[in-house]
Amino acid sequence: MTSADIRDVQHGLLVFIPGLPPRSRNRPAWDELVRRLRRDLEPNWRVEVFEHNLTATSRVDLDAVVRTLAAQIRDWAGELSEDIEPPDGILIAGHSFGGVLARAAYLLDAADATAPTDTSAVRLGSPAAFGRAAASAMKGDPSASVEGTDERGPAHRWPSLVRRIVLLGSPNSGYRKEAPGNPLTWRLAYELATPFADFTIEKVQAGGYWITDLRLRWLDAFQPGLHAERPTVVQVLGTADSLVTHSDILDQRFMPGAQVYEIPGADHAGLIRLDTARDPERRYEQLRTAIVGRDDETTRTPTPSAPGPTVFILHGIRAAALRTWVQRLGTEVATRSPNATIISPDTGYFTAMEFALPGTRRRKVHEFLKIYGDAYASRDPNQFRFAGHSNGTYMMAQSLERVPSMRFDTIYLAGTVLPRRFDWDRLFHNRQVGNGDATDWRNGRVRSDRGVTDVPVGLLCSLLRGLGSQDVGTAGLSGFENTAPWPIDETRTVKGGHGAPLAIDDQLGRVAEFLATGTSPTPYTSDAEGPPLEWNETVDPSAPFDWLSRFVGLPPVAWSALIGVGALGATGLVRLGRAKGARVAVGTGVGAVTAVWALLRSI
């Protein structure tokens, strides 16, 4: 929308949404900017401010905040009453976190505020939902119907009136916790409290579940080739902003018509503050131009997505991505699919102790989600494949469960630490495993290889599940339950432990073939047919180790073992204190705890 278009609007609505926190010590940081906009744009434009009053450590449901914002915009747009004249044009501007809310509210009402929460229905049920599959169906015929589409169209009028969405220092992918401009309170909240509380800042940190799902839906809404008209998206950055930089808004490179304005000398907090700018008049004109547009604004051609499949390879605990099976498998895949891109992030050496703690094992998931989102922006997600071992399978599964817009076409698991009753049914129903569009969807394939004496899965995961960790389990030993009717292949078991399914190059070649083609060669049935590890099509469920694993996972057994070890240690220290003195007992206790910690860190 250009400034000429602004002049043609007779009854416009400009909605401004502040960031975190919404106010400075004395008065709102945005006060002067909004006052000037009202003075210059009235009477044709009405300027409203949505004050969410959230802070980085607020503990609220962000979806509820988004629904409130969307409802408020409906009211300002005259959809809830007849005493407000409906606008014929809408501008939305959000600073920092406010820009995140702006994107979410637009997608919510553009889809349908009354739509079901089922992911596939939202992504595929209506072209207005902006799911990639539904949007793909619109490329050939903008009037084409999609299964489940409401023929009456979107439930709300205001999204179709939005001409421009201006994101002032607002990241697409979330806030990087390591960014130099990250406030100390944000860092402390994330590092110290997020394992125990769900704060606002955690949801919008780069790789967070909420922000990643929003990012994927945003990319779907603005993918190139759609016939439906979309508002112009404008990214505004300060050249001195260390919190939000060009790397945080790379999505705009792949969105048609997106614009970027750089404000010289502005940092993150001061971007919208006219009272602290070196030249307040100049700063206002720069921001006003970004918000309302200019007559000579040109349309930018988006960068096309890179061709070919993308294969994500994630290592597990007690391993790194370097000098392991990860590199060898990547080489095998590249040999079979030369145009494939291999993404194998090194998430660091992850010990059994770190895996046992829910907070630390879940934080690893966010690293993977950030990488996935970057690939989603630049590559075709219909060709996303995954291979993972141990904790790598946990990171993938947690991502799929918590980010409904995420998906893979092909999934390979080795020594998986997922529960036996992992809900594959929901993922397939939500169309998160497979590829295609709303008119031609094809379910993907899943393969899981298991070691018959996998100690980390059979004992550690079973014990953790017995202690109450429902997100881990023994599927890597005993297999998944309730996999029918989905294409899940778990017929391959190998005599060996946690790393046995990936211990030999010939087996890696077969895994690479599965990732490249989606087909699984016949498994080894004897030593004579393959490497010196015997592969079997089935494993006897009555095997002693399998029964031991099930016994350890019984809650009474797991808790009795934990309490027993603690009681035994406490009793020993009390007796030692009586015999040798309190100082000796304390020193022995500290030494014992340190020894156990060192042992767990090394396995």
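Averaging sequence separations of C-alpha pairs under 8 Å and six or more residues apart, then dividing by the length of segment 347-482, give the relative contact order as a whole percent.
Values: 206 pairs, mean separation 31.4, N = 136.
Dividing the mean separation by the residue count of segment 347-482 yields 23 percent.
The listed residues HIS11, HIS156, once ranked by accessible area (1.4 Å probe) with the largest placed first, stand as HIS11, HIS156. Projecting label points 7 angstrom from Cα along Cα→Cβ for VAL590 and THR519 puts them 6.5 nm apart.
By how many nm would the segment from ASP425 to ARG578 grow when fully extended, if each residue of separation counts as 0.36 nm and the alpha-carbon distance is taken off? Don't jump to the answer; show the numbers that get you there.
Working: separation 153, 0.36 × 153 = 55.08 nm, distance 5.85 nm.
Extending this stretch completely gives an extra 49.2 nm.
Between TRP547 and GLN327, what FRET efficiency follows from the Cβ-Cβ distance if R0 is 45 Å, with the result rounded to 0.05? Show your work: numbers first, answer last.
Working: r = 37 Å, r/R0 = 0.82.
So the FRET efficiency works out to roughly 0.75.
Taking Lys and Arg as +1 and Asp and Glu as -1, the other residues whose beta-carbon sits under 14 Å from that of ARG420 total -3.
In whole percent, and with a 1.4 Å probe on the protein chains, what portion of the accessible area of segment 409-463 is carbon and sulfur?
Numbers: 780 of 1670 Å².
Reported share for carbon and sulfur atoms: 47 percent.
Which length gain, in nm to one decimal place, applies between ARG253 and LEU80 when the Cα-Cα distance is subtracted from 0.36 nm times their residue separation? Could the numbers behind the result be given before it?
Working: separation 173, 0.36 × 173 = 62.28 nm, distance 3.68 nm.
Length gained between ARG253 and LEU80: 58.6 nm.
Between GLU48 and LEU554, the FRET efficiency from the beta-carbon distance, with R0 = 51 Å, is close to 0.30.
Counting only protein heavy atoms and a 1.4 Å probe, segment 235-299 has 45 square angstrom of accessible area per residue. Shown for segment 243-298: the carbon plus sulfur share of the solvent-accessible area, taken with all protein chains present and a 1.4 angstrom probe, equals 45%.
The values are calculated or read from the model by the stated rules, or taken from the named source; none is laboratory data. Bear in mind that the values here come from a model prediction, so they are computed numbers and not experimental data. Neighbour counts run over all protein chains shown; Cβ positions are idealised from the backbone, glycine included. Surface areas here come from the heavy atoms of the whole protein model, side chains and all, with no ligands, DNA or RNA. Shrake-Rupley method; radii C 1.70, N 1.55, O 1.52, S 1.80 Å.
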